[in-house]
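Data first, discussion second: the structure below is written as structure tokens.
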Amino acid sequence: MVMKESTEPFAIARRLGELLVAEGVINYEQLNESLITQKQTGQSLKGILIGKGLVDENKLVEFIAKQCGFKFMRLEAPLKREVLSRVPEKIIRQKKVLPVAFNDDQLTVAISDPLNIVAVDEIKITTGYKVNIVISSDSDIEAAIEKAFAAEESAQKALEELKGKTGERGEVVVEQAKPVGRGDVDEDGVTSISREDEVPVIQIVNLILSRAVKARASDIHIEPYPKLLRVRYRLDGVLHEQPAPPKKFLNAIISRLKIMASLDIAERRRPQDGRIKVRIEDKEIDLRISICPCAPGEKVVMRIMDSSAMMLDLEKLQMDQESFAIYTRHIRDPHGIILVTGPTGSGKSTTLYSTLHALNSPDTNIMTAEDPVEFLLKGVNQVHCNAEIGLNFAAALRTFLRQDPDIIMVGEIRDQETITIAINAALTGHLVFSTLHTNDAPGAITRILMMEVDPILIASALTTVVAQRLVRRICPQCKESYEVDTAWLGSLGVPQKRLPATPKTALYRGKGCENCAGSGYRGRLGIHEVLEVTDEIRELICQRTTALRIREAASKNGMISLQESALRKLMEGHTTAEEVLRVVGGAH
């Protein structure tokens, strides 16, 4: 008979057997027979005892774990995808090890042989984590591996179907600003994720992100419903539904995003906010992520902050000529407050950044308080506010006044304290820019008055209010003309002097093509309402008058309303009548 070399040291096997005899698990006769078999076959004593039916596998493994000082674990609960993905599948299958938990850079791994130091060291080197060991049976580990990667094959199938629906066939490469456990970290702290490490769920997330960036989306919505998962992109201000993976991958997708944003993957009852920095096709993208628990599961909304797409040219704001002249005159004032108003996503940040870029020069000290800093401007001192540590807008403003500023920009006027400090800054020789959430320019004055600020101080400090919206631009590649009744344009609010004398008027629209994904629109342009605070309007502010009276006075002085600005873009062929009605409504 050919003798095989035992893979388990004979002395260790005999010691284990003697302990089992002492515990009454087996007798000496059974031990001796098993040791002879071990010498002849090279099998482990543990495998022989289990194979002969002398001991229950889980009870034996639990006994070994106790003798070696390790915790025993039954692998009955489903494995979490975010934990499993931290160790390459190749190592899991080859070494018969299984990652079962992860917390604070410590990876807990289930293994059947506590003496298998080589496997443990390989995991440490590959992942860079501290490794804790728990002991599980071979059968439990093998069953869990097969079950886990059967789900992986299901995810791979879902990925291929998703690629087929979206037309994506190439590899999706995403690099992260914060490491998630693997990859090479460059000098800027950006971690590259290699293709072989991209398990299907990770690729699904990467595909959703990369497609949104390619489509120039501003937001990504991942929404769970009882029987399906919906993915929508906000393109040019309007939500469009996209191909989505099956609902069963929701938790894995959410966990992946939480890992990327360094959020708590175990917390599913409370809202969480975070940031993700990725590089997609050589473009650095910041994502602001908000997770909200809903009845069918957690909903995710990600705002895409693409600094490379930020316009920094006042001319490209496309204000009407009269409004542009007023605005550019007042941004050169030595002091005062200029407010930009509008709903979220109306382009306020672009307007302010473009303005600061135009005013930025070596002899000017510009300081900004933002939450968050959306775009880094060279030569501008930008502060990221954090209310949790007491650094709110008001606190930042107080500090700025001791920093010898010329121009100050505060992200938003939210309360009486912030507007009071901003007014004091303006009255002491500083130019202050900020934003408000109001529907129009006159409404901003009413909003400040409601904050119980002395109207005389408002009248003295405020110089200009800009209200703005964004309308979708007609796609240039499928633009076509069509005729409408001239009288109908009059009902929209187009001034009589701008209406042609003919009964029909030519307007434009997009037919829909590949360039605009069939929508007929490509890109957006701004419509603006610029209110100049004249002496007449200052008197009205001091009288605490209504927004309607302020609007009437501003219109007499030549203010172009949001509606008139939109109608001008319509008559010039930049947008459609439907878009004007959607954004500003009909005649007022």
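The values are calculated or read from the model by the stated rules, or taken from the named source; none is laboratory data. Predicted model only: the values in this text are computed from it and were never measured. Glycine gets a Cβ as well: all are built from the backbone with ideal geometry, and neighbour counts include every protein chain shown. Protein only, heavy atoms only, side chains kept; ligands, DNA and RNA dropped before computing areas. Shrake-Rupley method; radii C 1.70, N 1.55, O 1.52, S 1.80 Å.
Quick notes
- Cα→Cβ-extended label distance, 7 Å offset, between Glu146 and Lys214, nm: 3.8 nm
- Kirkwood hydrodynamic radius of region 16-151, Cα pairs, Å: 15.9 Å
- Kirkwood hydrodynamic radius computed over the chain comes to 28.9 Å, based on all pairs of distinct alpha carbons.
- Calculated over region 383-431: convex hull of Cα atoms, volume per residue (Å³): 71 Å³
- P(r) of region 272-428 over all Cα-Cα pairs, binned every 10 Å from zero, in whole percent: 9, 34, 36, 17, 4, 0
- Cβ-derived FRET efficiency at R0 30 Å, Thr546 paired with Asp333, nearest 0.05: 0.65
- Residues of region 489-513 with amide N under 19 Å of a point placed 7 Å along Cα→Cβ from Leu581: 489-495, 504-512
- Distance cut-off 19 Å, percentage of C-alpha pairs in region 340-474 lying past it: 50 percent
- Compared with the alpha-carbon gap, the fully stretched path from Lys497 to Ala266 is longer by 76.8 nm at 0.36 nm per residue.
- Cα-based Rg of region 495-588 normalised by 2.2 N^0.38 Å, two decimals: 1.40
- Region 293-370, accessible surface, carbon-and-sulfur percent (1.4 angstrom probe): 54 percent
- Rg ratio (alpha-carbon, reference 2.2 N^0.38 Å) - region 223-349: 1.41
- Placed amide H near Val340: partners under 5 Å, 5+ positions off or other chain: Ser434, Thr435, Leu436, Val466
- Taking the C-alpha atoms of region 463-546, convex hull volume expressed per residue in Å³: 143 Å³
- Largest accessible area first, the residues Tyr508, Tyr327 order themselves as Tyr508, Tyr327 under a 1.4 Å probe with ligands, DNA and RNA left out.
- Cα convex hull volume per residue for region 330-409 (Å³): 106 Å³
- In region 73-142, the portion of solvent-accessible area held by carbon and sulfur atoms comes to 48 percent [1.4 Å probe, whole percent, DNA, RNA and ligands not counted].
- For the chain, cysteines whose Cβ has no other cysteine Cβ within reach (under 4.7 Å): Cys68, Cys292, Cys294, Cys385, Cys542
- Cα-only Debye scattering, region 44-112: base-10 log of I(q)/I(0) at q = 0.21, 0.26, 0.29 Å⁻¹: -1.00, -1.19, -1.26
- Along the chain, longest interval not containing exposed GluC sites (Glu not before Pro), exposed being DSSP loop plus at most 11 other Cβ atoms within 10 Å: 282-451
- Among the listed pairs Lys348/Lys497; Lys80/Lys163; Lys227/Lys277; Lys96/Lys227; Lys124/Lys277; Lys39/Lys80, those beyond 29 Å (Cα-Cα): Lys348/Lys497; Lys227/Lys277; Lys96/Lys227; Lys39/Lys80
- Stretching Glu281 away from Leu19 to a fully extended chain increases their span by 88.3 nm, per 0.36 nm per residue minus the current alpha-carbon distance.
- Computed in the context of the full set of protein chains, the accessible area of region 445-566 at 1.4 Å probe radius has 48% of its extent on carbon or sulfur.
- With R₀ fixed at 41 Å, the C-beta to C-beta distance from Phe324 to Ala295 puts the FRET efficiency at about 0.25.
- Approximating the spin labels as points 7 Å out from Cα along Cα→Cβ, the Lys316-to-Leu228 distance works out to 3.8 nm.
- Accessible area expressed per residue, the chain, with surrounding protein chains retained (probe 1.4 Å, Å²): 49 Å²
- Compared with the direct C-alpha span, the chain from Glu572 to Leu401 gains 57.0 nm at full extension, assuming 0.36 nm per residue.
- In summary, region 242-281 shows an alpha-carbon radius of gyration equal to 1.32 times the 2.2 N^0.38 Å reference for compact globular proteins.
- At most 15 other Cβ within 10 Å, DSSP loop - trypsin sites (Lys or Arg not before Pro), region 487-588: Lys511, Arg544
- Mean residue ellipticity, 222 nm, helices only, the chain: the sum of -39500 (n - 2.57) across DSSP H runs of n ≥ 4, divided by residue count and rounded to 500, is -11500 deg cm²/dmol.
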